[in-house]
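Below is one structure; the comments refer to it alone.
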Amino acid sequence: MEQRNTGHSAAGFKTYIITWVALVILTAVTIAVTKFDTGAVSILVALLIASVKSGLILYIFMHLRYEGWFFKLAFLLPILVFALSVGFTFLDVWYR
Amino acid sequence: MEDTLSKTAEHHRDYTGAKMGMWLFLFTEMLLFGGMFILYSVYRFEFAAEFHAAAKELDRTIGAVNTLILLTSSLTMALSIVALKKGNKHLSLVFQVVTMLLGIAFLGNKYMEWGAKIHHGIYPNSEHLLSLGKGQILFYGLYFVMTGLHALHVVIGIGVFVFIFYFTLSGSVASDNSVKLENSGLYWHLVDIIWVYLFPLFYLIT
């Protein structure tokens, strides 16, 4: 009956292919960075790039960009739960 | 009466509800893997040197190839939805098959990688592994559990696509009713995201 227009038609083949190219380039950057520097900096950079990559996947491939405010906000919930879990775990590990 | 009911059920579609349900499921998946990532980071913190030594043994090339395979499969997945929305059912089916084949290629690589490790005597509870340090045992334990659970998700994803392929072929998934395809896509992309983190954490940061 009622089918809401999801607006997905807004993104064509081109958007996805460009996103894919960006993801591949970011992967190459991660490999290059971690090859030369093995310190804490490379861990940080690698995780930062991984987060940018997952952001791109979420926002474009997973259509979060076209979803309503509810989906955009709800997504923050597991991130918050995860961040809290990490925070409290390391409070324990560091000050034990 | 029953006839009207089934007819209503047949025509009733709740796009937002279906999406919401899928995202809620994906949240639980994120936290499932999230817990393991916390475990990984705590032990990495505690056994930094041994994790460093163990991670060196992993093959960066196989990891990089598998990353490329999964990223590309995510692309073909997204393209299959675009193709269907544009009314090109045939192209959508082609992209779905390519996605499945890429998933199988990923698993093939994983099989060879695990096979090489097992050949070298590195598998859970193996004599060789137990003779190594505590940190290395933990590293490989996490490696097998996390990449194993991830590979299981890839297997399930391929299984789901077999059904979606059939649904698209039979027309129950179509350009005006594509939520099943879209939700399977969401699942596939999430599996990709998990790999985006697994790859640097196990293969790159040594």
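Please compute the alpha carbon radius of gyration of the protein assembly as shown, then divide it by the globular-protein estimate 2.2 N^0.38 Å. Two decimals is fine. Don't jump to the answer; show the numbers that get you there.
On the way: Rg = 20.9 Å, N = 302, 2.2 N^0.38 = 19.3 Å.
Its radius of gyration relative to the 2.2 N^0.38 Å reference: 1.08.
Using a probe radius of 1.4 Å on protein heavy atoms only, what is the accessible area buried between chains A and B, both sides summed, to the nearest 100 Å²?
Values: alone 8120 and 11230 Å², together 15020 Å².
Roughly 4300 Å².
Filter the chymotrypsin sites (Phe, Trp or Tyr not before Pro) in the range B:19-71 down to the DSSP loop ones having no more than 15 other Cβ atoms within 10 Å, then list what survives.
On the way: sites: B:Trp23, B:Phe25, B:Phe27, B:Phe33, B:Phe37, B:Tyr40, B:Tyr43, B:Phe45, B:Phe47, B:Phe51; in loops: B:Phe47.
Here no chymotrypsin sites (Phe, Trp or Tyr not before Pro) fit, given the DSSP loop and packing criteria.
Ignoring any ligand, DNA or RNA, what whole percent of the accessible area of chain A comes from carbon and sulfur when the probe is 1.4 angstrom?
Numbers: 4390 of 5950 Å².
Taking all protein chains in place, chain A shows 74 percent carbon and sulfur surface.
How large, in Å, is chain B by the Kirkwood hydrodynamic radius built from its alpha-carbon pairs? Intermediate values should be presented prior to the final figure.
Details: mean 1/r = 0.0530 Å⁻¹.
Here the Kirkwood hydrodynamic radius works out to 18.9 Å.
What ³J(HN,Hα) values, in whole Hz, does the Karplus curve 6.51 cos²θ - 1.76 cosθ + 1.60 give for the range A:41-48 when θ = phi - 60°, with x put for Gly and Pro?
Once θ is set to phi - 60°, the couplings for the range A:41-48 become 4, 5, 4, 4, 4, 4, 5, 5 Hz.
Take the alpha-carbon centre of the range A:26-49, take the same for the range B:172-206, and report the distance between them in whole Å.
About 23 Å separates the Cα centre of the range A:26-49 from the one of the range B:172-206.
Quick one: pull the percent of accessible area on the range B:111-170 belonging to carbon and sulfur, 1.4 Å probe, ligands and nucleic acids left out. If you can, show how the numbers build up before the last one.
Details: 2330 of 3210 Å².
C and S atoms contribute 73 percent here.
Quick one: of B:Lys56/B:Lys110; A:Lys53/B:Lys89; A:Lys53/B:Lys117; A:Lys14/B:Lys89; B:Lys89/B:Lys110, which pairs are farther than 25 Å apart, Cα to Cα?
The answer is A:Lys53/B:Lys89; A:Lys53/B:Lys117; B:Lys89/B:Lys110.
Residue-wise, which Karplus ³J(HN,Hα) couplings in Hz belong to the range B:149-163, taking 6.51 cos²θ - 1.76 cosθ + 1.60, θ = phi - 60°, and x for glycine or proline?
5, 5, 4, 4, 5, 5, 4, 4, x, 4, x, 4, 5, 4, 5
Taking the range B:23-113, which trypsin sites (Lys or Arg not before Pro) meet the DSSP loop condition and have no more than 16 other C-beta atoms within 10 Å? Could you put the intermediate results ahead of the total?
Values: sites: B:Arg44, B:Lys56, B:Arg60, B:Lys85, B:Lys86, B:Lys89, B:Lys110; in loops: B:Lys56, B:Lys86.
Answer by residue number: B:Lys56, B:Lys86.
Would you mind working out the magnitude of the charge dipole of chain B relative to its Cα centre, with +1 at each Lys and Arg C-beta and -1 at each Asp and Glu C-beta, to the nearest 20 Debye?
Values: 13 positive and 14 negative charges, 75 e Å.
Taking the Cα centre of chain B as origin, the dipole is about 360 debye.
The values are calculated or read from the model by the stated rules, or taken from the named source; none is laboratory data. Keep in mind it's a predicted model, so treat the numbers as computed, not measured. Glycine also receives a Cβ, built like all others from the backbone with ideal geometry; neighbour counts cover every protein chain displayed. The protein model used for the area step is the full one, side chains on, heavy atoms only, and it has no ligands, DNA or RNA in it. Shrake-Rupley method; radii C 1.70, N 1.55, O 1.52, S 1.80 Å.
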